[in-house]
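Please treat every number below as a calculation from the coordinates, not as lab data. On a predicted model such as this, the values are computed, not experimentally measured, just so you know. Cβ: placed from backbone, ideal geometry, glycine included. Neighbour counts: every protein chain shown.
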2 protein chains.
Amino acid sequence: MLSKSSKYAIRAVLYLALHSSVEKKYSPIEIADAIDIPAPFLAKILQSLTKDDIISSIRGRNGGFYLTKKNKKNPLILVVNSIDGLHKFHECLLGLPVCSDENPCPIHHAVSPFKKQLEAELSNKSIDTLSKEVSEGKTHIFL
Amino acid sequence: MLSKSSKYAIRAVLYLALHSSVEKKYSPIEIADAIDIPAPFLAKILQSLTKDDIISSIRGRNGGFYLTKKNKKNPLILVVNSIDGLHKFHECLLGLPVCSDENPCPIHHAVSPFKKQLEAELSNKSIDTLSKEVSEGKTHIFL
DNA sequence: AAAATTTAAGATAAAATTATCTTCATAATT
DNA sequence: AATTATGAAGATAATTTTATCTTAAATTTT
Ligand code: FES
Ligand code: FES
């Protein structure tokens with residue numbers, strides 16, 4: 001469903017939402033260590049998210065990746081969209097060329113409501129909101 | 001979520017459930033043509049399912065793949081289990097090492113019920129039942 | 001017994017995804 | 001201006017998944 005890149009990205013962005021600010025920036029290595037994912041791969045992902053203006057970065061000494069207040073107001077689905085594309089949420093789980101209530105595959109009815117709910121969840125909740133759930137200990141981005 | 005192999009397998013098994021019997025067997029090429037997937041790849045998948053006794057085959061002239069009545073009584077999840085393994089249904093969608101209500105990731109609550117329902121659907125409905133829905137035109141295995 | 005047809009098995013290849021490395025540009029500090 | 005720390009960009013590599021091919025074994029028909 002989600003690529004490994006998207007998974008890493010979501011966790012990294014939430015990590016930045018929790019800990020970073022314009023004053024406190026993070027290197028890919030710091031983030032990767034914290035959430036236990038490969039650092040050079042994460043670096044690539046962060047670059048790509050920066051290009052799409054979903055996270056922020058400053059290079060040079062004392063530089064790093066961080067989230068502005070504006071960044072934190074975005075819904076998390078921007079991250080998935082930037083990396084995997086939204087079509088991931090609209091594809092048939094059995095690989096049929098279209099997924100619709102009109103031409104459902106045998107598992108469409110079990111699957112479709114949840115694809116919609118997951119997409120809605122990621123679209124409606126801001127990065128900020130989701131990161132607060134993490135800081136409150138309700139959810140986790142590493143174990 | 002499901003590998004391409006599993007997707008192809010599910011559709012091919014349902015195709016066999018619909019059309020095959022001990023008297024009427026199908027070659028990988030016939031099935032692949034019918035549901036529009038690559039034939040040599042499907043052949044491998046069918047071999048593997050045969051080894052796990054989920055479908056039946058007879059080789060030599062007039063041979064082919066088919067489903068016995070017993071085969072049709074099995075739940076479809078056997079197919080997924082044989083190819084991908086059931087862990088697919090128990091993994092965290094964000095890649096955390098465990099997925100549990102105790103240590104949920106930020107999207108666990110949106111996702112977990114869906115995984116359970118899908119697994120239940122595939123476990124409770126037999127191949128026979130699901131193929132009947134296809135024959136009644138309620139669902140589709142190709143478009 | 002020979003020929004024809006079909007699955008089984010294993011080797012190989014292509015493509016996509018995941019991961020790493022190396023060099024360059026940029027910014028702050030000294 | 002030189003040094004140092006950092007992200008950006010692009011090349012490369014490893015791994016996994018997907019796909020194909022080739023040969024062998026089995027079964028029926030002739
Ligand atoms: S048609 Fe297969 S999931 Fe909707
Ligand atoms: S913990 Fe992530 S889906 Fe359950």
Just one of B:G95, B:G85 is under 21 Å from B:S6 (Cβ atoms) and more than 16 Å from DNA strand C (Cβ to nearest atom); which is it? B:G85
Selected residue (criterion: farthest from the other protein chains (Cβ to nearest Cβ)) from residues of region B:99-113 that are in a loop (DSSP other than H, G, I, E, B) and out of contact with any His (no Cβ under 9 Å at 6 or more places or on another chain): B:E102
Scope region A:1-26; condition in contact (Cβ under 8 Å) with a residue 24 or more places away in the chain, surrounded by fewer than 15 Cβ atoms within 10 Å (Cβ to Cβ) and either closer than 18 Å to B:E91 by Cα or of a type in the set (S, T, Y) (or both); matching residues: A:S3, A:S21
Hand me the list of helices (runs of 4 or more DSSP H) wholly inside region A:12-75 holding 2 or more residues that are among the small types (G, A, S) and away from ligand 1 (no atom under 16 Å from the Cβ). A:28-35, A:39-51
Selection from region B:114-139 of residues that are polar (S, T, N, Q) and in a loop (DSSP other than H, G, I, E, B): B:T139
If only one of B:K51, B:K72 is charged (D, E, K, R), more than 12 Å from every other protein chain (Cβ to nearest Cβ) and either within 11 Å of the chain's Cα centre (by Cα) or more than 14 Å from DNA strand C (Cβ to nearest atom) (or both), which one is it? B:K72
